[in-house]
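In what follows, a single structure is set out as structure tokens and then discussed.
The values are calculated or read from the model by the stated rules, or taken from the named source; none is laboratory data. Not measured: the values here are computed from a predicted model. Backbone-built Cβ (ideal geometry, glycine too); neighbour counts: all protein chains shown.
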Amino acid sequence: MYLKPSDGLSKELRMYRGLFLGRAFQSIPISEEKATVFADWLSNNRLEQNRLSELSIDYALIWTRADEALVQATITVEERMEWLQKLEQRFQEKTILLAKEKTQEALLRFPNDTQLQQLVAILKLNDYTQLRKELGLIRRQYNAAIEEFIKLVYYKFYRHVSNNSPVDIRDDTDTLLTKVLHKFMDAIERGSYQGPEKATILVYIHPMMVHGWIDILRTRKPTGDFPELTEESVDDTKAFVEDALKQLGQPCQSIIIERDIHGCSWEEVAERISISKGHAKNSYRGCQEQLRSILVQRGW
């Protein structure tokens, strides 16, 4: 568990949060210690000239041609160490600046998030040491969310592949899962997927799974052996879900349609189907479970 149950978020929303924040802060390099070469030099108080080129990797975020020139220059040990200190300072300042930008962007999606509020306080102090710890925590939460995502969808993907691939089912499942995960993460970053409040993860990724598998099969068959994807086949998933929705009783059918398909607020849902807001919210999770059961029974 990468967040405490007391955070008040559902399991799926915690998963989405972990994926969202992990992708949001992914461009910021983190490490538990200083850059490897720099740390070694400071601890040993000596320079290994043959390792100078490694700095361009450690400090890629702020590396310049001037730094490259200094690597090649003949200067004293004291001058080299002074340059390294300034290099580290520039790196920390750039990391803090990027973190501030990403934190403000993340707060637009999770304005009341305790961890993000704590990150804001750390950034106001320009505390690089604490920032590195928080970024490390976000990275661990992201990795845990990836694991939770795989647990959530793996059986669904395995079953889909096994119906179409008599050999190498596990390898094909892993290939499909990797393909869909990349697309899903891109959808999160673009804002196309805005969390389970709008649509559950399993419902949202189903078309990705179907069309991702079609793409994989196409790469294995000569041109003409696999039918072109038609507009009708694109609509198959939508029709499948709509047909399952018809099996739901009221008010579940209307709650799911208004909330997940039309994207209505809870106030709008209550007004449209003439029930209280509290009744709609309390019924929502059970309605989703009913729909999921219907989909599973129908072989989804």
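Of the candidates 194, 253, 288, the single residue that is within 23 Å of residue 14 (Cβ to Cβ) and modelled with pLDDT of 80 or more is 194. Looking at the range 246-281 only, could you name the residues that are of a type outside the set (Val, Ile, Thr) and part of a loop (DSSP other than H, G, I, E, B)? 246, 247, 248, 249, 250, 251, 262, 263, 264, 265, 274, 276 - these are the residues of the range 246-281 that are of a type outside the set (Val, Ile, Thr) and part of a loop (DSSP other than H, G, I, E, B).
Does residue 35 qualify as being at pLDDT 90 or above and small (Gly, Ala, Ser)? When the stated conditions are applied, residue 35 does not pass them. When the residues of the range 84-104 are filtered to those that are basic (Lys, Arg) and closer than 20 Å to residue 189 by Cβ, the one that is surrounded by the most Cβ atoms within 10 Å (Cβ to Cβ) is 102. For residues that are surrounded by 15 or more Cβ atoms within 10 Å (Cβ to Cβ) and either under 15 Å from the mean Cα position of the chain (by Cα) or polar (S, T, N, Q) (or both), tally how many sit in the range 105-129. Residues in the range 105-129 being surrounded by 15 or more Cβ atoms within 10 Å (Cβ to Cβ) and either under 15 Å from the mean Cα position of the chain (by Cα) or polar (S, T, N, Q) (or both): 4 in total. Pairs linking a residue in the range 44-72 that is at pLDDT 80 or above to a residue that is among the small types (Gly, Ala, Ser), with Cβ atoms under 6 Å and 6 or more positions apart or on different chains, are 63/56. Hey, any hits in the range 266-273 for a residue that's of a type outside the set (Lys, Arg), surrounded by fewer than 14 Cβ atoms within 10 Å (Cβ to Cβ) and either out of contact with any helix residue (DSSP H, G or I) (no Cβ under 9 Å at 6 or more places or on another chain) or at pLDDT below 80 (or both)? No; the residues of the range 266-273 include none that is of a type outside the set (Lys, Arg), surrounded by fewer than 14 Cβ atoms within 10 Å (Cβ to Cβ) and either out of contact with any helix residue (DSSP H, G or I) (no Cβ under 9 Å at 6 or more places or on another chain) or at pLDDT below 80 (or both). Quick one: in the range 178-219, of everything that is in contact (Cβ under 8 Å) with a residue 40 or more places away in the chain and more than 24 Å from residue 288 (Cβ to Cβ), which residue is surrounded by the most Cβ atoms within 10 Å (Cβ to Cβ)? Checking each candidate, the answer is 213.
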